[in-house]
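A.B. asks: What follows is a structure written as structure tokens; I'll ask about it next.
The values are calculated or read from the model by the stated rules, or taken from the named source; none is laboratory data. Quick caveat: nothing in here was measured; it's all calculated off a predicted structure. Here Cβ is always computed from backbone atoms with ideal geometry, including for glycine, and neighbour counts include all displayed protein chains. For the accessible areas, the whole protein counts, side chains as well, though only heavy atoms, and no ligand, DNA or RNA atoms are used. Shrake-Rupley method; radii C 1.70, N 1.55, O 1.52, S 1.80 Å.
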Amino acid sequence: MKQIPLSTIAHGRSGDKGNHANVAIIAYTSAGFAWLREHLTAQVVQAYFATLQPSRVVRYEAANVLAVNFMLYDVLAGGASRSLRIDTQGKTLALALLQMSIDVPDDHAAMLRPAGGKTT
């Protein structure tokens, strides 16, 4: 099956909460949000970031903004002032997750960013 990056159907933001990171993935459309709810689970995200060794990953839904939000616990190796990692504040984690390859969904066209950038 053909694959595409997650960024084709969503955008994101991330940042630190001490030693933890918050990663929000926001769908462009309602169809994309439905896909995120079904396929982008805490287990998938934990496996994707396994090399960073999060102690646990918890997912929250924010349907009003078509988003799923993940807390990655203990992923920043001590946090901004203690970590020796390049990204001590977790600012690049959303961009990294958006590069994850996904199988092209059946209703892919309904998930693409609408012309003019407005979400539905």
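A.B. asks: Being charged (D, E, K, R), at pLDDT below 90 and surrounded by fewer than 16 Cβ atoms within 10 Å (Cβ to Cβ): is that true of residue 82 here?
C.D. replies: Here the answer is yes, as residue 82 does meet what is asked.
A.B. asks: Could you go through segment 28-50 and let me know if any residue there is out of contact with any Lys or Arg (no Cβ under 9 Å at 6 or more places or on another chain), part of a strand (DSSP E or B), open to solvent by 70 Å² or more (accessible area, probe 1.4 Å) and under 15 Å from residue 105 (Cβ atoms).
C.D. replies: For segment 28-50, residues out of contact with any Lys or Arg (no Cβ under 9 Å at 6 or more places or on another chain), part of a strand (DSSP E or B), open to solvent by 70 Å² or more (accessible area, probe 1.4 Å) and under 15 Å from residue 105 (Cβ atoms): absent.
A.B. asks: Output the number of residues of segment 31-46 satisfying the condition of being of a type in the set (D, E, K, R) and in contact (Cβ under 8 Å) with a residue 24 or more places away in the chain.
C.D. replies: Count: 1.
A.B. asks: Here is a list: 48, 60. Which entry is at pLDDT 95 or above, within 14 Å of the chain's Cα centre (by Cα) and more than 17 Å from residue 6 (Cβ to Cβ)?
C.D. replies: Among 48, 60, only 60 is at pLDDT 95 or above, within 14 Å of the chain's Cα centre (by Cα) and more than 17 Å from residue 6 (Cβ to Cβ).
A.B. asks: Quick check on my filter: what residues within segment 55-76 are among the small types (Gly, Ala, Ser) and part of a loop (DSSP other than H, G, I, E, B)? Steps first, please.
C.D. replies: Of segment 55-76, the ones among the small types (Gly, Ala, Ser) are 55, 62-63, 67.
If the condition is that a residue be among the small types (Gly, Ala, Ser) and part of a loop (DSSP other than H, G, I, E, B), then 55 is the only one that fits.
A.B. asks: If you don't mind, there's one more thing I want to ask. Looking at segment 34-45 only, could you name the residues that are farther than 17 Å from residue 73 by Cα and under 12 Å from the mean Cα position of the chain (by Cα)?
C.D. replies: Residues satisfying the conditions are 36, 37, 39, 40.
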